[in-house]
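Every read-out reported here was derived from the displayed coordinates using simple, explicitly stated rules and does not represent laboratory data. Remember, it's a predicted structure, so these values are computed and weren't measured experimentally. Virtual Cβ from ideal backbone geometry, glycine too; neighbours counted across all protein chains shown.
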Amino acid sequence: MRRVVCQLLASLLVIHGFTGAVSAMQAKGEIKLTRDVKVISSAGARAMADACTTWAEQNKQTVAMAIIDWGGNLIEFHAMEGAPMNAIETALLKAKSALRWRRATSETNRIVRSGENLAPTFMHDFPQPGALPIFVNGQVIGAMGVSGADGEKCAQAAVDAVFKGQATSSLR
């Protein structure tokens, strides 16, 4: 019993010492306990869907799209008239793959096809061309996946139209 009490007291002293050290480091500004994360808004995602739809109409293409935030949560989706019934799900899978690998899915597709990296296939990703991650100040804020036709061109047109140079993708 005495040994258990001694171990408990020793553990408390260690914990107190650690938290004291963390508090001192925080007071000096040496560590940051939180971080600021930019996230694509629902208005931004809707504007991207509208911009991609406009681009697709101008180029006589039929697409479906999914826009996700930095955590992979679906923010917006849209399928144009005539899009196949699986198009939104395909667009979502592409967006999640672009987000995970932080690159255009056409690049991930090239890496998989060359045998350079097969991880996307056994990680159940969908490395098919058509999606881009979206970066603002070097921080990923989300991704856009487009199913049908020139998906990455449509997504890039949406990023350019909505963010007007404030955001980039892995295509540039």
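Taking a cut-off of 16 Å between Cα atoms, list the lysines near LYS60, but don't count ones fewer than 8 places away on the same chain.
LYS153
Please order HIS78, HIS124 by the number of other Cβ within 10 Å, starting at the fewest. Intermediate results must be reported in sequence, preceding the final value.
Values: HIS78 20, HIS124 9.
Listed from fewest to most nearby Cβ atoms, that is HIS124, HIS78.
How about LYS38: which lysines have a C-alpha closer than 19 Å to its C-alpha, ignoring those fewer than 8 places off in the same chain?
Of all the lysines, those that pass the test against LYS38 - Cα under 19 Å, at least 8 places apart if same chain - are LYS96, LYS164.
What number comes out for the charge environment of GLY72, summing +1 per Lys or Arg and -1 per Asp or Glu over other residues with Cβ under 15 Å away? Each step should come with its number before you reach the end.
Details: positive: LYS94, LYS96, ARG100, ARG102; negative: ASP69, GLU76, GLU89, ASP125.
With Lys, Arg at +1 and Asp, Glu at -1, the neighbours total 0.
Taking N as the number of residues in region 42-168, what value does Rg over Cα atoms divided by 2.2 N^0.38 Å take? Write out the running numbers ahead of the final one.
Details: Rg = 13.3 Å, N = 127, 2.2 N^0.38 = 13.9 Å.
Taking the Cα Rg and dividing by 2.2 N^0.38 Å, one obtains 0.96.
Run the numbers on region 41-168 and let me know its relative contact order in percent, using alpha-carbon pairs under 8 Å that are six or more apart.
On the way: 282 pairs, mean separation 37.7, N = 128.
Once divided by the residue count of region 41-168, the mean separation gives 29 percent.
Among LEU33, LEU99, LEU74, which comes first, second and so on when ranked by fewest other beta-carbon atoms within 10 Å?
On the way: LEU33 7, LEU99 25, LEU74 14.
With the sparsest Cβ surroundings first, the list reads LEU33, LEU74, LEU99.
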